[in-house]
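Computed from the coordinates by the stated procedures, all read-outs in this text should not be read as laboratory data. Model, not experiment: these values are computed from the prediction. Using ideal geometry, Cβ is built from the backbone for each residue, glycine included, and neighbour counts are taken over all protein chains shown.
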Amino acid sequence: MNVSTSGYYDWLGRPESPRALRDKDLTKMIREIHAESRGSYGSPRVHAELTLGLGEQVNRKRVERLMRQAGLQGVYWRRGRRNLVNAATEEDLVQRRFDVAGPDRLWLTDITEHPTTEGNCIALL
C-alpha cells in the first residue's frame, strides 16, 4: 500500500476522532431505543426518539448508517395485497345450485383464516 512504517505506527497510536467517539455514543443510544421498542422501531422512529425524546442533534441519514452498521432493522408490519384475479380456484361441484330436493343431499362449509402473530387462526363454519 506504499505506507511508511513510521506513518503506519503513527496512525495506530492516534486517539479516536471526535466523530468516531460520537458515533459510538449514538450507536449505544440507538441500541437502547431499539431494544426498548422490542426491535420494532426503524430508523425514522429511532431518529424521532433521539431528536424529540432525548434532545440529541443528529441527522436522519447518520442514524440510518449507524443502524445499518450495527445490524439493526425495524419490523415491517404492513401486509401486501394478494392478487386474486389469476388465483387458482377449485371446481364448482354444486354448479351454483343451492336448492336441494331433500335433507342430507348437499353439505357446504366455509374456512376463514385470520393471520395472527403466532400463526393463522382458522375458523371452520
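So the values come out like this:
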| item | result |
| --- | --- |
| Packing-based exposure ordering (other Cβ within 10 Å, fewest first) of Trp11, Trp107 | Trp107, Trp11 |
| Mean separation of Cα contacts under 8 Å (6+ apart) over length of the chain, as relative contact order % | 16 percent |
| 5 angstrom amide H check on Glu56, placed H, neighbours 5+ away | Thr51 |
| Tyr9-Glu64 FRET efficiency (beta carbon distance; Förster radius 25 Å; 0.05 resolution) | 0.10 |
| Dipole axis of the chain (+1 Lys, Arg; -1 Asp, Glu on Cβ), positive-most option in Ala20, Leu93, Leu108 | Ala20 |
| Magnitude of the charge dipole, the chain, Cβ model with Lys/Arg +1 and Asp/Glu -1, debye to 20 | 740 debye |
| Computed Rg/Rh of the chain, alpha carbon atoms with Kirkwood Rh | 1.39 |
| Spherically averaged projected area of segment 9-70 from its Cα convex hull (nm²) | 4.6 nm² |
| Segment 9-70, dipole about Cα centre (Lys/Arg Cβ +1, Asp/Glu Cβ -1), debye to the nearest 20 | 220 debye |
| 222 nm mean residue ellipticity, helices alone, for the chain (DSSP H n ≥ 4; -39,500 (n - 2.57); rounded to 500) | -11000 deg cm²/dmol |
| ³J(HN,Hα), Karplus 6.51/-1.76/1.60, whole Hz, each residue of segment 108-117, x for Gly, Pro | 10, 8, 9, 10, 10, 10, 10, x, 10, 5 |
